[in-house]
Structures are given as structure tokens and as C-alpha cells.
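Peer 1: I'd like to ask some things about the structure below.
The values are calculated or read from the model by the stated rules, or taken from the named source; none is laboratory data. All of these numbers come straight from a predicted model, not from anything done at the bench. Heads up, the Cβs are rebuilt from the backbone with ideal geometry, glycines too, and the neighbour counts pull from every protein chain shown. For the accessible areas, the whole protein counts, side chains as well, though only heavy atoms, and no ligand, DNA or RNA atoms are used. Shrake-Rupley method; radii C 1.70, N 1.55, O 1.52, S 1.80 Å.
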Amino acid sequence: MLATSLVTFLVLFQAAQPAPAPPAQPAPPPAAEQPTDAPPPPPPPAYDTGPMRAEIVAMREIRLKYMDSDEKSNAESNFAMQVRVAGDKLARIKRFGNLILSDVADDTGKAMITSDTYSEQERTTMRPQMMPPERLRDTGLLIATRGLVSARGAREIARLRGSVKLVLADATDRITILNPAQFSGRSIEDVRLKEMGIELKVLTADDIEQPMQAQRCMLIQVVSKADNIQSFAFFDGSLSPIRHRENPVTTKSGASAMMYCFDGGQFTDETILVLEVHPQVEVLELPVVADHVALP
């Protein structure tokens, strides 16, 4: 009886044992290295090298036709163009003007600008260059302009001439003027401005035709060395910046000036004017020249 039980136990024990694992398969051989003959992708273009230049980037023409004269709006057919300013002095650009075209004609001889294309303000306005050098290097300085559409059937711009004004500088100084309203009707007195040859005059409401809120707006005319001035900023007595709007105006004598108006509050004897100025500047009139450019 005991022998029979032992035999039965051994049979059940052997049946409960797991089946032996199959033999391990050999690991696959390592993949062969791919050839490295393919050239690496080219680096992105850098626009801060070479001579200073203006290159056409894009053009656009929009033609409008109103089938009902009663629906006609102020919108008109127009031509637009964008150029890229590039070159080894790109990072030194502090201010730039509008791209002003002086001579543009298509291959039919039709002029694509007139004497009224740009206002005097557009011809003289300068704006600060705010982009960091690394972004300028990647994109260049992009500037757009406009003109008249070409003649129907024209295939290219036969001749294009224009220019853009650039102000270049290396150093920037700050000059603080306390209570600028005290100089109303006369030039601002400051030793450093005088040394640089910069003259600023605080005008009065009588100097312009349009109405002005004297307590909330200030008129400033740059009499000399306008290219050396980078920016104007206003602060209150606690040195907090004062938000303001800038509006170009023309005086009764025909001179250009800027009206600075506070969004809230008013000028007081605690108002502070901070100027960013460049002791030395280089002014470039960068030509834009192109012939036989295909129209869009």
C-alpha cells in the first residue's frame, strides 16, 4: 500500500514540473552603420555680413473694380513691395526711415509712383530699430513701401530706384530734464545737450493750428541734430513711467514737431523727461536699385 502511494506521488510530482525552456536564440548581429557621405544641412543665412544693401524680398499687386459706383470705397488698386536691409553694419542701425521710391516704371513705360505717393511726413519720419542683433542677423531689417499698380499686360518692372535712410551709432547716453514744462516757449537748457549740439524747443499751443490740451500735452520741436535722438520718455515724481501718445504735427511756420499727450493725468513741475541720445552717429542713404524684376 505504501509502495503504491509513493509511486503515485512521484508520478504527480513529475507531471507538475514546468516544461524545460527552449534554447535561447542567438542575438541578431548589430546593424551595419549607415554611410555618412550625405552633406549636413546648410546653416541658415546670416544677413549681417557683406556690404550694406537693400534686396527685394516680395511684391504684391491688388486690383479692385467696383461694378456699382455707389459701392465704391476709399480702397484702390495698389502695389506693395518689401525689401530686406542687410550688411555688416546691420547691428549698428538705431533708427530707420521709410523706403521712398523715386523712379519706378513697368516695361510698358507706365510710371508706378507719382509726386503724391508719399506725404512729407512719410518722407521724413524716422522710427527706432527695436529688434535684438541676433534676430536681425536671422531676418535682416524688413521695410515695406507702396506704389501704383502696373499696366495690364506688363510683365516686369523695367526700372526701380529709391532709398532708405539709416542712422547708425555705437554709444547711447541718457539725459534727464527736470520739469520740461518750465521751458515752454523756449529751448531746453542742458549742458550735455549743448555739448552735443542738440537743440530742443518746447512749443506752445499758439505755435500750431490744431487744438491742444495744454495741461495734458507737450509740444517739442527738435531744432538741430534730430538724427542723434533715439527716444523720449516721461516719468512722474516717483520715477514711474507715464504712458503717452505721440502725434506728429506741423507748426504755423511749417516746421515739424511732436505732440506728446498723456493718457491720464497732466504735466506738473515734477514731470521728468528722459532722452536717449547718441553722441556720434553715421547717417546712410541706402540706395535701392533694381532692373527687370518680374511682376507678381
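Peer 1: Please go through region 125-151 and pick out each residue that is surrounded by fewer than 18 Cβ atoms within 10 Å (Cβ to Cβ) and touching a Lys or Arg at 6+ places or on another chain (Cβ under 9 Å). Walk me through it before giving the result.
Peer 2: The first filter runs over region 125-151 and keeps only residues surrounded by fewer than 18 Cβ atoms within 10 Å (Cβ to Cβ), leaving 125-128, 130-135, 138-139, 142, 144, 146, 151.
Matches in region 125-151: 126, 127, 128, 139, 142, 151.
Peer 1: Tell me, please, whether a residue that is farther than 30 Å from residue 81 by Cα and either surrounded by fewer than 16 Cβ atoms within 10 Å (Cβ to Cβ) or of a type in the set (Ser, Thr, Tyr) (or both) can be found in region 283-293.
Peer 2: Kept after step one, since they are farther than 30 Å from residue 81 by Cα, are these residues of region 283-293: none.
Taking every residue of region 283-293 in turn, none turns out to be farther than 30 Å from residue 81 by Cα and either surrounded by fewer than 16 Cβ atoms within 10 Å (Cβ to Cβ) or of a type in the set (Ser, Thr, Tyr) (or both).
Peer 1: Okay, next question. Please enumerate the residues belonging to region 256-285 that are in contact with a helix residue (DSSP H, G or I) (Cβ under 6 Å, 6 or more places away or on another chain) and assigned to a strand (DSSP E or B).
Peer 2: 273, 277, 283
Peer 1: Something else about it: Which of (1) open to solvent by less than 40 Å² (accessible area, probe 1.4 Å); (2) in contact with a strand residue (DSSP E or B) (Cβ under 6 Å, 6 or more places away or on another chain) does residue 57 not meet, given it meets every other one?
Peer 2: (1)
Peer 1: Let me ask something else about it. So how many residues does region 184-202 have that are in contact with a Lys or Arg (Cβ under 8 Å, 6 or more places away or on another chain) and either open to solvent by 70 Å² or more (accessible area, probe 1.4 Å) or more than 30 Å from residue 88 (Cα to Cα) (or both)? Please lay out each step first, then the result.
Peer 2: Just the residues of region 184-202 that are in contact with a Lys or Arg (Cβ under 8 Å, 6 or more places away or on another chain), to begin with: 186-188, 196-199, 201-202.
Checking the rest, the ones that are also either open to solvent by 70 Å² or more (accessible area, probe 1.4 Å) or more than 30 Å from residue 88 (Cα to Cα) (or both) come to 186-188, 199, 201-202.
The total comes to 6.
Peer 1: Right, next: Any idea which of 177, 272 is open to solvent by less than 70 Å² (accessible area, probe 1.4 Å), touching a Phe, Trp or Tyr at 6+ places or on another chain (Cβ under 6 Å) and touching a residue at least 60 places away in the same chain (Cβ under 8 Å)? Spell out how you get there, then give the answer.
Peer 2: On the way: 177 fails: touching a Phe, Trp or Tyr at 6+ places or on another chain (Cβ under 6 Å).
Among 177, 272, only 272 is open to solvent by less than 70 Å² (accessible area, probe 1.4 Å), touching a Phe, Trp or Tyr at 6+ places or on another chain (Cβ under 6 Å) and touching a residue at least 60 places away in the same chain (Cβ under 8 Å).
Peer 1: Write out, first by first residue and then by second, each pair whose Cβ atoms fall under 6 Å of each other, whose residues are 6+ apart or on separate chains, and whose first residue, in region 40-62, is at positive phi while the second is open to solvent by less than 70 Å² (accessible area, probe 1.4 Å).
Peer 2: Close Cβ pairs satisfying both conditions: 50/87.
Peer 1: Moving to a separate point now. For region 234-243, does any single residue satisfy the condition of being within 22 Å of residue 166 (Cα to Cα), without any contact (Cβ under 8 Å) to a residue 40 or more places away in the chain and in contact with a strand residue (DSSP E or B) (Cβ under 7 Å, 6 or more places away or on another chain)?
Peer 2: Looking only at region 234-243, we keep the residues that are within 22 Å of residue 166 (Cα to Cα), and these are none.
The answer is no, given that none of the residues of region 234-243 is within 22 Å of residue 166 (Cα to Cα), without any contact (Cβ under 8 Å) to a residue 40 or more places away in the chain and in contact with a strand residue (DSSP E or B) (Cβ under 7 Å, 6 or more places away or on another chain).
Peer 1: Across region 203-216, which residue is least open to solvent (accessible area, probe 1.4 Å) among those that are within 17 Å of residue 188 (Cβ to Cβ) and in contact (Cβ under 8 Å) with a residue 24 or more places away in the chain?
Peer 2: For region 203-216, the residue satisfying everything is 203.
Peer 1: Among 192, 174, 123, which is the only one that is under 21 Å from residue 279 (Cβ atoms), charged (D, E, K, R) and assigned to a helix (DSSP H, G or I)? Don't jump to the end; show me each part of the working.
Peer 2: On the way: 174 fails: assigned to a helix (DSSP H, G or I); 123 fails: under 21 Å from residue 279 (Cβ atoms).
None of the others qualify; the one that does is 192.
Peer 1: Checking the conditions here, which among 230, 221, 213 is in a loop (DSSP other than H, G, I, E, B) and polar (S, T, N, Q)? Quick ask: steps written out before the conclusion?
Peer 2: Values: 230 fails: in a loop (DSSP other than H, G, I, E, B); 221 fails: in a loop (DSSP other than H, G, I, E, B).
Sole residue among the options that is in a loop (DSSP other than H, G, I, E, B) and polar (S, T, N, Q): 213.
Peer 1: Does residue 119 count as under 30 Å from residue 231 (Cα atoms), at pLDDT 95 or above, among the polar types (S, T, N, Q) and open to solvent by 30 Å² or more (accessible area, probe 1.4 Å)? Give the derivation first.
Peer 2: Values: under 30 Å from residue 231 (Cα atoms): yes; at pLDDT 95 or above: no; among the polar types (S, T, N, Q): yes; open to solvent by 30 Å² or more (accessible area, probe 1.4 Å): yes.
It is false that residue 119 is under 30 Å from residue 231 (Cα atoms), at pLDDT 95 or above, among the polar types (S, T, N, Q) and open to solvent by 30 Å² or more (accessible area, probe 1.4 Å).
Peer 1: Now for a separate question. Which numbered condition in (1) part of a strand (DSSP E or B); (2) surrounded by 15 or more Cβ atoms within 10 Å (Cβ to Cβ) is the only one that residue 248 fails?
Peer 2: Failing condition for residue 248: (2).
Peer 1: Can I ask one more? So is residue 108 part of a loop (DSSP other than H, G, I, E, B), farther than 29 Å from residue 90 by Cβ and open to solvent by 30 Å² or more (accessible area, probe 1.4 Å) or not? First the steps, then the outcome.
Peer 2: On the way: part of a loop (DSSP other than H, G, I, E, B): yes; farther than 29 Å from residue 90 by Cβ: yes; open to solvent by 30 Å² or more (accessible area, probe 1.4 Å): yes.
Spelling it out, residue 108 is indeed part of a loop (DSSP other than H, G, I, E, B), farther than 29 Å from residue 90 by Cβ and open to solvent by 30 Å² or more (accessible area, probe 1.4 Å).
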